[in-house]
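Heads up, the thing below is written out as structure tokens.
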């Protein structure tokens, strides 16, 4: 049986080098979809990449964390930012604010609505929505993301999973099951399996092969794997503290052996639109 594999390149719009790597991953590799950061400094360049590649499926990569500022001011979204109007750098702060009641869903709605509108404003089909550092795993954020996707007619939400035997992995699985139920109740789609969180920033050829083979053993009919390709040595990437191996991820996506592995494991490269066909 042939199963669908969606390979998503995250963080389009982050830097020009990331945009170039996403383009190469689609043109010469196995990338079938990308997720665009509305808050990214290279958003306009990303729009050019997308318009030149109508077959590259577009998603909104909604952000409540990261080095780039929100679209709205601190006065408009006070529970999302610090005194300087900056997002926290880690999802852990979002979770902590949620646990202590300091994350206002209305602030989340205002900011993420503005980001989704910027992506929709390109006038290109938007097939899916996900979040920077998977913050839509958190229930109050999930509710907003599902609401916005439903209103905008975006049919698919990333269903993040972890296969790591760790406290974080267990927490992701618990939250992920809740997210899956919410997405299904809303009538939205998602893949049956997922990989990419556990390997974030280190999805080289060996880790990609391990993820695909493990998913094939689980036998789910559809799988999303997200990667973070970039241009090795790009100066702009120096302002991010993620310790990602951008160039290695791009090399994996371009390696002909990776494409062969996908077929050998019984997968067909697809986009999110295949889930709603």
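The values are calculated or read from the model by the stated rules, or taken from the named source; none is laboratory data. Note that the structure is predicted; figures quoted are calculated from it, not measured. Glycine gets a Cβ as well: all are built from the backbone with ideal geometry, and neighbour counts include every protein chain shown.
Is there any pair with a first residue in region 145-174 that is on the phi > 0 side of the Ramachandran plot and without any contact (Cβ under 8 Å) to a residue 60 or more places away in the chain and a second that is part of a helix (DSSP H, G or I) and buried (at least 16 other Cβ atoms within 10 Å of the Cβ) whose Cβ atoms are under 8 Å apart and which are 6 or more apart or on different chains, and what are they?
Between residues of region 145-174 that are on the phi > 0 side of the Ramachandran plot and without any contact (Cβ under 8 Å) to a residue 60 or more places away in the chain and residues that are part of a helix (DSSP H, G or I) and buried (at least 16 other Cβ atoms within 10 Å of the Cβ), there is no close pair.
Give me a count of the residues in region 203-243 that are in a loop (DSSP other than H, G, I, E, B) and under 14 Å from residue 21 (Cα atoms).
Of the residues in that region, 7 qualify.
Evaluate the following for residue 274: is it crowded, with 16+ Cβ neighbours inside 10 Å and modelled with pLDDT under 95?
yes
All but one of (1) closer than 22 Å to residue 160 by Cβ; (2) surrounded by 17 or more Cβ atoms within 10 Å (Cβ to Cβ); (3) touching a residue at least 60 places away in the same chain (Cβ under 8 Å) hold for residue 237; which doesn't?
Status for residue 237: all satisfied but (1).
Is one or more of the residues making up region 119-128 assigned to a helix (DSSP H, G or I), modelled with pLDDT of 95 or more and either surrounded by fewer than 17 Cβ atoms within 10 Å (Cβ to Cβ) or within 19 Å of the chain's Cα centre (by Cα) (or both)?
The answer is yes; a qualifying residue exists.
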